[in-house]
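Have a look at the structure below, then the notes.
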Amino acid sequence: MPPWNERYTVKITGGKERGRKIPVKTASARAPLRPTSAKVKEALFNILGQALKGSRFLDLYAGTGAVGMEALSRGAREAVFVEINKDRCRLIKEISERLGYEGRIRVHRMDARRYLERARQRGETFDQIFIDPPYQSGEIKRILPLISDGLILSEDGIIIIEHSSKITLPEESGNLRKGKTYRYGDTSLTIYRLYQQGGKIK
């Protein structure tokens, strides 16, 4: 985690804006940041690959929005950021403007569960959902049931959860089935897909 009073740099590692670096003063977020590491972020986008092209990407517990910005650089059509901290929401908007993405984003300052309930009511769907709550929060077990009926995940969509490697996630939740878990030291990425897709879950 970056020191409270130092700068953290949002780095775009692939796609159209590859190589861009946006410095962010961590104190301006008004709360400690635990950014996704470069290694884990690269692994995440290697998993998603070409599926990002023209997709809708949902970044829950968005922090500075670095993951969603990377998705846009790599071809996502739109990214939706959900973050409860108002100062982080402001940072996301500022970073998107510096990257020229302000017309391709939506930022919602609210609890992730509340957002998912509203998205279900509005009939919104996403092709990729990235979930990265605070590791010790217990949020994952509360979030999965809100996605497990498949109402907000596209038929071929994918959910990727970043979590502590000390935690083993459930094999299934409603219509979701767990795929592979990728471990990177203390951090792991676990895949979920809709069961009714058929075939092997990767």
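Descriptive notes on the structure:
Table: residues versus (1) touching a Cys at 6+ places or on another chain (Cβ under 9 Å); (2) closer than 18 Å to Arg114 by Cβ.
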site: Arg56; (1), (2): no, no
site: Thr64; (1), (2): no, no
site: Glu70; (1), (2): no, no
site: Glu83; (1), (2): yes, yes
site: Lys86; (1), (2): no, yes
site: Arg90; (1), (2): no, no
site: Ile95; (1), (2): no, no
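- Scan the range 153-191 for residues that are within 18 Å of the chain's Cα centre (by Cα), more than 21 Å from Pro35 (Cβ to Cβ) and of a type outside the set (Val, Ile, Thr) and the total you get is 9.
- Exactly one residue out of Tyr135, Tyr115, Tyr101 is among the aromatic types (Phe, Trp, Tyr) and surrounded by fewer than 19 Cβ atoms within 10 Å (Cβ to Cβ), and it is Tyr135.
- Residues within the range 62-98 that are touching a helix residue (DSSP H, G or I) at 6+ places or on another chain (Cβ under 6 Å), surrounded by fewer than 22 Cβ atoms within 10 Å (Cβ to Cβ) and closer than 22 Å to Gly157 by Cα, tallied: 2
- Flag if Ile129 is in contact with a helix residue (DSSP H, G or I) (Cβ under 7 Å, 6 or more places away or on another chain), buried (at least 18 other Cβ atoms within 10 Å of the Cβ) and within 16 Å of Arg88 (Cβ to Cβ): no
- Scanning the range 143-168 for residues that are surrounded by fewer than 17 Cβ atoms within 10 Å (Cβ to Cβ) and either touching a helix residue (DSSP H, G or I) at 6+ places or on another chain (Cβ under 9 Å) or of a type in the set (A, V, I, L, M, F, W, C) (or both) yields Asp149, Leu151, Glu155, Asp156, Ile167.
Laboratory data are not the source of any read-out in this text; all were calculated from the coordinates shown. Quick caveat: nothing in here was measured; it's all calculated off a predicted structure. Note that we place each Cβ from the backbone using ideal geometry, even for glycine, and neighbour counts take in every protein chain shown.
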